[in-house]
Amino acid sequence: MSDKDASNIMWGGRFAGGPAKVMEKINASIDYDKRFYAQDIRGSIAHATMLADRGVLTREDLTAITDGLNTILREIGEGRFEFSAALEDIHMNVEARLRELIGDAAGRLHTARSRNDQVATDFRLWLRDAIDRLDGMLADFQRALLAQAEAHAETAMPGFTHLQVAQPVTFGHHMMAYLEMTARDRDRFAETRRRLNECPLGAAALAGTSFPIDREATAAALGFDRPTANSLDSVSDRDFALDYLHAASVCAMHLSRLAEELVIWSSAQFGFVKMSDAFSTGSSIMPQKRNPDAAELVRAKIGRITGSYVALTTVMKGLPMTYGKDMQEDKEAVFDAADTIELSVTAMTGMIADMSPDAGAMGRAAAQGFATATDFADWLVQNLDMPFREAHHATGAAVRMAEAKGCDLGDLSLEELRSIAPGVSEAVFEALTVERAVHGRNSYGGTAPAQVRAQIERWKEKLA
């Protein structure tokens, strides 16, 4: 088909010639919006069925259109469909092929709709599928975290604030923290899905249509909760895409935080975990190296996803009602973000499932850096009825004494501790062990193994 022929199909009698080559290149979106093909055909079948039910199309036309669209669906799925940039987008490519297959009946398919409401419908359908797919991936990621948490519910490690040793926690508790983050990610995507699940089809170009259509019927046929309520908003809204990009950005941020910890933990200086060969690489010059490249790449992906969010926000920020060609820039950003977040979640799930935590290294680190200092202060409050601020001051003095001696708090003698806080008994040394510190924090949501196991059981039921 020549450019002139394509122009005539698309624009009818308004234009005598085809577009300039540069116009074709800047205007065409088929290279990326062909990903909508299944959604586009599904929407067209629903639209044609509704038109036939309303007497706008004959049953013969409906049969021809439906058979033709299903043929095109198979052709694209089998890689036998030839896409044309001259036809701009997935909608016109499908319609042109449908005309080749069934003749004039194809021209009746576009009755009572526009590419404006068509693309908005396709996009929502595609994003809905993407969210459902990602939710399953995030659930698998949670299961990987849960397995590590259950295996290490009692494995002590240092908890950090400011990346400085703070208090002992368990590795299982640490894994469960990311499981909770991921739960919020799933909630954000679910809320995005709930909000986007309204059908724009039937809004037409911007003002609705004079044909006696049934928008409730097409909405129901496509699995939407309801039709959109305002035709202007229907074709100009891309909030649903921004909602998805925001949720993906927060999810990628969470993955980036975990990726950073994996990079730190797998270093020789920490040695808390060993990354499997499947998610590590070597060095071209240093044969001893095991680089956590997968974690580093996941750590970086937040840049691409947040960049897509900023890009689309910037595209949309100054647009008047209703549709502008600017909005063609929406799809590449979302497609790239969707591909990136799915790849990142899959990689992180593999890394967590395959990594080997070193309980010995974590336990030794948990006993360093005066990690039980808060436990000493708590003991003074609970056993000597000392005000916490006074106990905090006394504990600081004990830490200073231990630093000067080059030992830990538990290595100070009873007499040395009594010189700081008279009344201290031998029982204090039991409180200064990492094991006691971890088991003692038994408040709801705390790091005590009993609390961690309770949360594990709760999540096992939720993820079953």
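The values are calculated or read from the model by the stated rules, or taken from the named source; none is laboratory data. Note that the coordinates shown come from a computational prediction; the quantities given were computed from them, not determined experimentally. Note that we place each Cβ from the backbone using ideal geometry, even for glycine, and neighbour counts take in every protein chain shown. Please note that ligands, DNA and RNA were not included when accessible areas were found on the heavy atoms of the full protein model with its side chains. Shrake-Rupley method; radii C 1.70, N 1.55, O 1.52, S 1.80 Å.
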With (1) under 29 Å from A177 (Cα atoms); (2) open to solvent by less than 50 Å² (accessible area, probe 1.4 Å); (3) assigned to a helix (DSSP H, G or I); (4) out of contact with any helix residue (DSSP H, G or I) (no Cβ under 6 Å at 6 or more places or on another chain) as the list, and Q455 as the residue in question, which single condition is left unmet?
(4)
Checking G360 against (1) of a type in the set (G, A, S); (2) surrounded by fewer than 17 Cβ atoms within 10 Å (Cβ to Cβ); (3) within 22 Å of M157 (Cα to Cα); (4) in contact with a helix residue (DSSP H, G or I) (Cβ under 8 Å, 6 or more places away or on another chain), the condition it does not meet
(4)
Taking the condition among the acidic types (D, E), at pLDDT 95 or above and either over 26 Å from the mean Cα position of the chain (by Cα) or open to solvent by 30 Å² or more (accessible area, probe 1.4 Å) (or both), does D225 pass?
yes
Here is a check on your reading of the model: is A311 over 22 Å from the mean Cα position of the chain (by Cα), crowded, with 16+ Cβ neighbours inside 10 Å and farther than 30 Å from A278 by Cβ?
no
Please go through region 73-87 and pick out each residue that is part of a loop (DSSP other than H, G, I, E, B), over 31 Å from the mean Cα position of the chain (by Cα) and more than 12 Å from K34 (Cβ to Cβ).
R80
Qualifying positions in region 423-450 - part of a loop (DSSP other than H, G, I, E, B) and open to solvent by less than 10 Å² (accessible area, probe 1.4 Å):
V424, T447, A448
Pick from region 408-422 the residues that are surrounded by 12 or more Cβ atoms within 10 Å (Cβ to Cβ) and in a loop (DSSP other than H, G, I, E, B): which of them is modelled with the lowest pLDDT?
D408
Can you name the number of the only condition in (1) of a type outside the set (A, V, I, L, M); (2) touching a helix residue (DSSP H, G or I) at 6+ places or on another chain (Cβ under 6 Å); (3) part of a helix (DSSP H, G or I) that G396 fails?
(2)
I'd like the full set of residues that are free of Cβ contacts under 8 Å to residues at least 40 places away in the same chain and under 23 Å from E435 (Cβ atoms), limited to region 398-415.
A398, V399, A402, C407, L409, G410, D411, L412, S413, L414
Please go through region 194-219 and give me each residue that is within 28 Å of A139 (Cα to Cα), open to solvent by less than 70 Å² (accessible area, probe 1.4 Å) and not in a loop (DSSP other than H, G, I, E, B), ordered by number.
L196, E198, C199
Quick one: which residue in V298, V315, V263 is in contact with a Pro (Cβ under 7 Å, 6 or more places away or on another chain), hydrophobic (A, V, I, L, M, F, W, C), at pLDDT 95 or above and not in a loop (DSSP other than H, G, I, E, B)?
V263
What is the one condition in (1) in contact with a helix residue (DSSP H, G or I) (Cβ under 8 Å, 6 or more places away or on another chain); (2) in contact (Cβ under 8 Å) with a residue 24 or more places away in the chain that A377 does not satisfy?
(2)
Those residues that are out of contact with any helix residue (DSSP H, G or I) (no Cβ under 6 Å at 6 or more places or on another chain) and of a type outside the set (G, A, S), I need them from region 202-225; list them, please.
T209, F211, P212, I213, R215, E216, F224, D225
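Residue by residue, here is whether (1) open to solvent by less than 10 Å² (accessible area, probe 1.4 Å); (2) in contact (Cβ under 8 Å) with a residue 12 or more places away in the chain; (3) touching a Lys or Arg at 6+ places or on another chain (Cβ under 7 Å) holds:
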position: D67; (1), (2), (3): no, yes, no
position: R80; (1), (2), (3): no, no, no
position: I90; (1), (2), (3): yes, yes, yes
position: D117; (1), (2), (3): yes, yes, no
position: T121; (1), (2), (3): yes, yes, no
position: R128; (1), (2), (3): no, yes, yes
position: D140; (1), (2), (3): no, yes, no
Being of a type in the set (D, E), under 17 Å from D117 (Cβ atoms), surrounded by 22 or more Cβ atoms within 10 Å (Cβ to Cβ) and modelled with pLDDT of 95 or more is the requirement here; does D33 meet it?
no
Do you know which residues across region 153-165 are open to solvent by 30 Å² or more (accessible area, probe 1.4 Å) and touching a helix residue (DSSP H, G or I) at 6+ places or on another chain (Cβ under 9 Å)?
E154, L163, V165
Restricted to region 228-247 and to residues being outside any helix (DSSP H, G or I) and under 19 Å from E329 (Cβ atoms), the residue least open to solvent (accessible area, probe 1.4 Å) is R238
